[in-house]
Amino acid sequence: VIQDLLGEFLASFYCPPCTKRKVGKGGRKRHRMSWKGTSTTAVIQDLLGVPVRAVMLAATGQHTGKTTLSLGVFRGLVKRWGKGRVAYMKPLGQRYVDITLPNGNVHKVDRDVEVVRRTFNLESPWEHMSPVVFPPGYTRQCIDGKVSSDDLLSKIKDGFTSLATKADFTLLEGSGHMGVGSIA
């Protein structure tokens, strides 16, 4: 269900092979996106109704260096756009730490979000940077119908919209592998 839930959101970052190719700038061939529009930016703007610049780093496996790559890409984006003008988000997390929010509530945050936030001294709200975490027992909660996919998607969209509308560029990091959340 999470794959369906995030399908629209994540599909905007994936350009499946297609039969129609257009020639882009410099004579290079580019894929035409097969899903709603011709660019990632257009798809995100259509889905969320906000103008954004964003990219998602993803992989087909765990422990492939996504976080290390994210740290380097984020540093480059900060050099390009300036401090405080780049946002980071990991929509779905697996390994987490408990963070006490200013209001006293405890929020589960993906460990990678903690690393990026502390490395770059980011001030974005934890709950926007790491809106959904799958702790132990989450699979059972999903199977038992105790988790609402609408609530999860709403958390992700709200977090992304909040970050993307306050930043000039948003970097998203994918989860460990395609199976994460496939049962939700």
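Residues of the stretch 63-89 that are open to solvent by less than 20 Å² (accessible area, probe 1.4 Å) and among the hydroxyl-bearing types (Ser, Thr, Tyr): SER70, TYR88.
Suppose the filter is of a type outside the set (Gly, Ala, Ser) and modelled with pLDDT of 80 or more; does VAL133 pass it? Please lay out each step first, then the result.
Working: of a type outside the set (Gly, Ala, Ser): yes; modelled with pLDDT of 80 or more: yes.
So VAL133 passes the test.
Taken over the stretch 127-138, the criterion of being in a loop (DSSP other than H, G, I, E, B) and surrounded by 15 or more Cβ atoms within 10 Å (Cβ to Cβ) is satisfied by SER130, PRO131, PHE134.
Look at the stretch 127-145 and say how many of its residues are small (Gly, Ala, Ser) and touching a residue at least 12 places away in the same chain (Cβ under 8 Å).
Within the stretch 127-145, the subset small (Gly, Ala, Ser) is 130, 137, 145.
In the following step, the residues that additionally are touching a residue at least 12 places away in the same chain (Cβ under 8 Å) were identified as 130.
Residues in the stretch 127-145 being small (Gly, Ala, Ser) and touching a residue at least 12 places away in the same chain (Cβ under 8 Å): 1 in total.
In the stretch 103-126, the residues that are part of a helix (DSSP H, G or I) form Cβ pairs under 7 Å with partners that are open to solvent by 40 Å² or more (accessible area, probe 1.4 Å), at six or more places apart or across chains, as follows: ARG111/ARG95; ARG111/TYR96; VAL116/LEU71; THR119/LEU71.
The values are calculated or read from the model by the stated rules, or taken from the named source; none is laboratory data. Bear in mind the structure is a predicted one, so any value in this text is a computation, not a measurement. Don't worry about glycine lacking a Cβ; one is built from the backbone with ideal geometry, like all the others, and counts go over all protein chains shown. Heavy atoms of the whole protein, side chains included, go into the accessibility calculation; ligands, DNA and RNA do not. Shrake-Rupley method; radii C 1.70, N 1.55, O 1.52, S 1.80 Å.
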